[in-house]
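One structure is given below, encoded as structure tokens.
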Amino acid sequence: MDTYVFFIIIFASIMHITWNGMVKKYPDKVIAVSAIVYGHVPLAIIAILFLPAPSAESIPYIIASAIIHQGYQWYLLNSYQLGDLTKVYPIARGFGPLVATVISILFLGLIISDLAILSILLISFGIMLVGIFGHNNYKNIKVLKYSLLTGFFIGSYSIVDGYGARVSLSAITYMSWSFTLGAIMFFVLLKIKKYDNTFKDVIKNGKKIFFIGGSLSYLIYIIVVWGFTKAPIPMVAALRESSIFFSIFIGYFFLKEKITPIKITSIVLILVGVVSLKLA
């Protein structure tokens, strides 16, 4: 992985903490997640209006991306309803790169070095450690199942978006169409699942997350998808999740959270994984 790509993805992972923190603090996770999803649309529409249309070859990827993101968003919401964000999120985010790695190597013929695979494993297990052993979360099988399903969809959309952006030749164009279609699908999904007033609730109570969180999420993920076009997808997928590493430090220095032995172990595993990933 080129140095400039490495540090841009690290920057995106740090920025990821900002909008994720907004979701974490908001009491109603359905409104918070919906605000992020719908908040992608304003910038996406601007891009669609002023940038060239995606290539015809990328359209199946755009549709697949929007559908897979529904699975991610739905199981994320279900996970939140069973367990809190600090328990669910690390398991889901850590499992995603593992899924992307397995799919890429076994089904797509990707060849990466043993050091790269080891680095991905270190980062992923370092992240998951916080969610599985940092709480009693692992005792709730349903929470674990939904968290892993969320991670499966993260790994899946990473693969689809990586290849789709390469075919489209523009991460911005590709994701703008995917985000817009995905927001429409999510609106329909919530209606089907009897969340009838969610959009109104977002406009009434979730404007800050909608405008700030949604815009940040849009920009950050486009950076990540751009990274998918410049380096092997599993390596970028693992590197972007290093945000957990930075969130632990922010929690300690600014929020006065305790550093437990589990968190120290997680920090060491992620740090070693990130450094070795740069060397791979």
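The values are calculated or read from the model by the stated rules, or taken from the named source; none is laboratory data. This one's a predicted model, so the numbers in the text were calculated from it and none came from an experiment. Cβ atoms come from the backbone with ideal geometry, glycine included; neighbour counts cover every protein chain shown.
Go through segment 142-247 and tell me which helices (runs of 4 or more DSSP H), entirely inside it, have 2 or more residues that are modelled with pLDDT of 95 or more.
171-192, 214-228, 233-240
Tell me yes or no: at least one residue of segment 73-94 is touching a Leu at 6+ places or on another chain (Cβ under 8 Å) and among the aromatic types (Phe, Trp, Tyr).
Yes, segment 73-94 contains a residue that is touching a Leu at 6+ places or on another chain (Cβ under 8 Å) and among the aromatic types (Phe, Trp, Tyr).
May I ask you to list pairs of residues, at least six apart or on different chains, whose Cβ atoms are under 7 Å apart, with the first in segment 87-104 being over 12 Å from ILE123 (Cβ atoms) and the second being modelled with pLDDT of 90 or more and not in a helix (DSSP H, G or I)?
Final answer for the pair search is SER104/LEU110.
Select, from TYR195, TYR146, TYR163, the only residue that is surrounded by fewer than 22 Cβ atoms within 10 Å (Cβ to Cβ), more than 30 Å from THR3 (Cβ to Cβ) and of a type in the set (Phe, Trp, Tyr).
Step by step, each of TYR195, TYR146, TYR163 is checked, and only TYR195 is surrounded by fewer than 22 Cβ atoms within 10 Å (Cβ to Cβ), more than 30 Å from THR3 (Cβ to Cβ) and of a type in the set (Phe, Trp, Tyr).
Go through segment 202-222 and report how many residues are out of contact with any His (no Cβ under 9 Å at 6 or more places or on another chain) and surrounded by fewer than 22 Cβ atoms within 10 Å (Cβ to Cβ).
8
Would you check which residues across segment 56-69 are closer than 12 Å to GLY182 by Cβ, out of contact with any Ser or Thr (no Cβ under 7 Å at 6 or more places or on another chain) and crowded, with 18+ Cβ neighbours inside 10 Å and list them?
Listed by number, the residues that qualify are ALA64, HIS69.
Where residues in segment 36-55 are at pLDDT below 95 and of a type in the set (Gly, Ala, Ser), which of them is surrounded by the most Cβ atoms within 10 Å (Cβ to Cβ)?
SER55
Taking ILE62, is it under 19 Å from PHE153 (Cα atoms) and modelled with pLDDT of 95 or more?
Judged against the criteria, ILE62 is a match.
Would you point out which residue out of TYR26, TYR89 is surrounded by 17 or more Cβ atoms within 10 Å (Cβ to Cβ) and out of contact with any Ser or Thr (no Cβ under 9 Å at 6 or more places or on another chain)?
TYR26
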